[in-house]
1. Report, in degrees rounded to the nearest 10, the 0 to 90 angle that the Cα long axis of helix A:138-151 makes with the longest principal axis of chain A.
2. Among A:THR180, B:THR24, what is the fewest-to-most ranking by other Cβ atoms within 10 Å?
3. Rounded to the nearest 20 debye, what is the charge dipole size of the stretch B:56-267 about its Cα centre when +1 sits on each Lys and Arg Cβ and -1 on each Asp and Glu Cβ?
4. Which value at 222 nm does chain A reach when only helices count, each DSSP H run of 4 or more adding -39,500 (n - 2.57), with the total divided by all residues and rounded to the nearest 500 deg cm²/dmol?
5. Give the distance, in whole Å, between the Cα centre of the stretch A:1-76 and the Cα centre of the stretch A:174-227.
6. Could you give the length gained by full extension between B:LEU27 and B:ALA120, i.e. 0.36 nm per residue of separation minus their alpha carbon distance, to one decimal place?
7. In nanometres, what is the gap between the two model label sites at A:HIS257 and A:VAL169, each 7 Å from Cα along Cα-to-Cβ?
8. Can you sort A:ASP114, A:ASP58 so the residue with the fewest Cβ neighbours within 10 Å comes first?
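Nothing in this text is a laboratory measurement; each read-out follows from the coordinates by a stated rule. What you see is a predicted model, and the numbers here were worked out from it, not measured in a lab. Every residue, glycine as well, gets a Cβ built from its backbone with ideal geometry; the counts of neighbours run over all protein chains shown.
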Amino acid sequence: MESHVELDNVTKFYQSQERQLHALHEVTFGVDRGEFVCIVGPSGCGKSTLLKIIAGLDEPSSGEVRFKGKIVQEPQSKISMVFQAFGLFPWRTVLENVEYGLEMQKAPKNERRDVSKRYLEMVGLSGYEHMYPKQLSGGMKQRVGIARALAVDPEVILMDEAFSAIDEVTAEVLREEVTTLHRETGKTFVLVTHNLSEALELADKVVVLSSRPAKVKKVLPIALERPRDRAHSTFIHMHTDILHLLKEELENTLLRHKLRNMDEVKSLHDMEAEDRPK
Amino acid sequence: MSVSRQKAPAVSLTNKIFSGQKITEHLWMVPLACGVAGWEIATRLNLFPGSHLPTFSSVLAVFFVSIQDPAFLLRIAHSFLTLICGLVLAFSIALPTAFVAGSNNGFDGTMTPLVMLFGALPDLSFLPLLVLWFGAGNAAAITMAAVAAFFPIYFTLREGTRNIPRELFEVTSVFKADRFSTFTKMVLPALSPYMFSGLRLAYDFDWEIIIAVEIATRMTGIGSFIQGTVSTGSMANGFAAILAIALVAITVDRVFFRSLESWTRKWA
């Protein structure tokens with residue numbers, strides 16, 4: 001069966017002045033329809049870059065992303081996104097923010113109002129329609145972000161560290177609600193996170209990336225029953241496994257840096273030795 | 001009993017604080033009133049020659065006559081419209097340039113030093129040139145006002161563009177906004193607080209420029225009118241004109257810019 005979203009050897013280089021940054025290296029994995037996939041990796045490894053490429057906001061240097069078999073070259077109306085810093089327009093009310101996507105699709109005013117109100121109700125923000133984002137807490141802002149992403153009726157929802165700018169208790173409640181949304185809507189979710197427990201709590205499948213240039217280190221199916229129990233022995237076991245993988249990555253990176261530095265010291269030493277008159 | 005006794009002074013204390021706030025809000029009226037009174041007394045006592053400083057009461061009297069004179073009002077309207085044209089011209093050039101400069105480092109590196117270079121020059125030094133090119137008329141005055149207004153508008157808008165979070169551009173892309181609606185529904189509202197403060201600065205600044213241009217070139221307007229009252233010795237008319245300008249400038253500032261700012265204060 002063909003995956004809903006497929007990443008095929010996605011490689012990304014960033015060119016800055018004289019330096020070239022190798023962000024992603026031949027990243028390949030698939031996301032099935034209705035699946036909840038979490039991408040974890042060491043910080044700064046290029047997780048968010050990968051998500052932006054899936055969203056069509058950035059293009060891969062080589063390789064491709066396919067959505068329903070078609071190459072993604074620009075943002076797709078059926079792929080929506082939830083942002084880390086919420087990405088709300090401060091001059092728009094809660095309702096107007098949720099309406100934004102439908103407004104861009106030129107939906108009639110009545111329709112977008114009704115649809116947006118329905119999704120606001122779904123995320124528990126009925127009665128807040130006419131407030132401005134600055135009047136809301138972080139958790140409430142992200143609810144608006146989620147409602148906005150859902151309002152355009154996407155097939156895929158991408159979430160970029162969606163719970164990391166929110167206090168832990170609120171984040172926990174939101175994660176539970178997202179689990180429910182996922183079950184009820186049957187939409188495909190892809191979440192980028194550095195929080196392993198979060199990934200294990202939400203995902204059907206966890207993709208572990210290596211440090212830069214990010215490669216797929218491991219793809220772990222999570223067959224645990226929902227709602228997930230963090231105290232469950234398998235949960236703890238998997239958490240330890242992934243943590244171990246990531247630590248290994250971190251150590252590799254440190255070692256690599258150390259070796260490179262030692263090489264530099266050595267070559268400097270050699271050069272000095274050559275310069276010195278005998 | 002003892003509880004209510006304790007509460008009573010607390011209430012009156014907050015009352016005092018609140019009424020105190022109101023007093024400080026209107027404190028500016030005291031020196032103003034003193035100044036006007038001092039003026040009136042000094043001129044009545046003939047401490048100044050009447051040809052140099054008329055009494056305040058005579059200025060007020062002339063003012064109320066003048067604002068019923070269509071020719072007088074037309075002069076104010078002429079100066080005001082020249083100013084507005086200059087502002088609009090400056091804004092329509094500054095908005096796209098500042099937006100590109102704020103979002104593109106390469107362009108910013110070329111454009112901004114040039115703007116700073118011209119901004120550092122005294123704006124009015126261009127006036128003789130403008131008069132030479134356009135003649136002593138509306139075109140020169142409007143261009144002069146635009147040159148003076150460009151600097152504050154450009155820098156506030158450039159700063160505003162730099163402060164638009166990257167994420168908001170991603171939001172417009174994800175939801176497939178076209179270029180036009182990205183500009184009108186994201187960039188413009190995001191820039192609006194900067195836009196309003198830049199325009200306000202430029203507006204205040206341009207009043208000085210317009211008056212100076214009119215005095216220097218003797219073109220129609222309220223500035224040349226004031227100049228005329230000095231040469232004809234009808235100083236009360238000059239002061240009445242200054243009073244009228246002050247009223248127009250303050251009214252626009254309060255009514256127009258304050259309402260724009262109160263809109264941004266709702267959400268920003």
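1. Helix A:138-151 and the main axis of chain A meet at about 70 degrees.
2. B:THR24, A:THR180
3. 420
4. Result for chain A, helices only: -14000 deg cm²/dmol.
5. Taking the Cα centre of each part, the stretch A:1-76 and the stretch A:174-227 sit 16 Å apart.
6. 29.8 nm
7. Result: 3.7 nm between the two label points.
8. Lowest count first: A:ASP114, A:ASP58.
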